[in-house]
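One structure is given below, encoded as structure tokens.
The values are calculated or read from the model by the stated rules, or taken from the named source; none is laboratory data. All of these numbers come straight from a predicted model, not from anything done at the bench. Note: ideal-geometry Cβ built from the backbone for every residue, glycine included; neighbour counts use all protein chains shown. Accessible surface areas use protein heavy atoms only, side chains included; no ligands, DNA or RNA. Shrake-Rupley method; radii C 1.70, N 1.55, O 1.52, S 1.80 Å.
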Amino acid sequence: MYTGMIRDLLARIEDGMVTYSLLLDEQEIPLNPLIGQRIALRFTGERRCIYCGRKVSKLFNHGSCWPCFQRLAVNDLCQVKPSLCHYETCREPDWGDTHCMIPTFVYLAKSSDIKVGITRRLPGRWLDQGAVEAVPIARVPNRKMAGDLELHLTQYLPDKTNWRKMLQGEVVETDLLEVRRRVLELIPDAFRPYVLPDEEVCRITYPLEQPPAKIVSHDLEKGGAAGVLLGIKGSYLVLDNGVLNVPKFAGYLISLESGDAAGAGLASSAAAGEGTGARPGSAKSRSKPATEAAAESKP
């Protein structure tokens, strides 16, 4: 059994296949070997800020205490809407230098529908979003420029993933390179020097062979999560009785066990009541002013 504070769900890709690890404090726990086994995640009742370690009763924006939420640039609105970057008045100029004032990719990805997005490094956000195909279209000098181009392209393409379709493998069959060709024609002249003219599609396979028949969600605050781990995709652990969006519970102190007896006596927290726009695993301790900030701060 492992015990620790959830920091992140780490994804790496090798030969097109994604491997996952759960980061509890500083310990990486490989998850792919647990697929097919019964696992249980129990919330101990303790929450800590992932930035300063302060023990708190409430967390904000994926694991931040209130002082860190107010103080740190990673929690700023521009991390959700990069076109609003305000480097001149950034809360942390040094952080802005290393995270925002660096070359940034603008890409197209196919996780449900084809969407536009930005990332500092590849594959970066592709894995977080469960993209099965992705291709860069430009590499611009900084995050704000990437956000401006992304904002322009959202006139023609969405910039969000439908997580339910993504988990169920409902992906459009549209040719991604053909969409890329059409999108390049829509790029304003100011961005054309940064267009990447010849890029290959990256195809990604996730350790989830059988998509769940029905999407229900687990909430660690309401009995934890226990069941057979069917696979992992994007930021979700897919159990035979529900899914768990791991980054939503960053800062939660949990125990993780595996084996036939895992989760004995643990009440199921799965519920199917979310609307199509809800995010599974959203705990009542979450504030949502910057819903993607923690994820976007990754490489």
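I want to make sure I understand the PRE zone here: with the label point 7 angstrom from the Cα of Ala264 toward its beta carbon, which residues in the range 23-50 have backbone N atoms less than 15 Å away?
Only 38-40 pass the distance filter.
When only C-alpha pairs under 8 Å and at least 6 residues apart count, what is the relative contact order of the chain, in percent?
Over the chain, the number comes to 30 percent.
When the dipole is taken about the Cα centre of the chain, and only Lys, Arg (+1) and Asp, Glu (-1) are charged at their Cβ, what size is it in debye, to the nearest 20?
The dipole magnitude comes to about 940 debye.
Would you mind telling me which residue in Ala131, Ala213, Ala146 has the biggest mean-square fluctuation in a Gaussian network model of the chain, where springs connect alpha carbons within a distance under 10 angstrom?
Ranking Ala131, Ala213, Ala146 by mean-square fluctuation puts Ala213 first.
Need the full-extension length gain, Lys214 to Lys55, defined as separation in residues times 0.36 nm minus the C-alpha distance. One decimal, nm.
53.6 nm
Tally up the carbon and sulfur contribution to the accessible surface of the chain as a whole percent, 1.4 Å probe, everything protein left in place.
51 percent
Which value at 222 nm does the chain reach when only helices count, each DSSP H run of 4 or more adding -39,500 (n - 2.57), with the total divided by all residues and rounded to the nearest 500 deg cm²/dmol?
-3500 deg cm²/dmol
Calculate how many DSSP beta bridges within the chain are antiparallel, expressed in % of all such bridges and rounded to the nearest 5.
In the chain, DSSP labels about 95 percent of beta bridges as antiparallel.
For the cross-link pairs Lys81/Lys222; Lys55/Lys248; Lys144/Lys233; Lys222/Lys248; Lys81/Lys248; Lys110/Lys165, which exceed 23 Å when the distance is taken from alpha carbon to alpha carbon?
On the way: Lys81/Lys222 32 Å; Lys55/Lys248 17 Å; Lys144/Lys233 29 Å; Lys222/Lys248 14 Å; Lys81/Lys248 19 Å; Lys110/Lys165 11 Å.
Cα-Cα > 23 Å for Lys81/Lys222; Lys144/Lys233; rest within.
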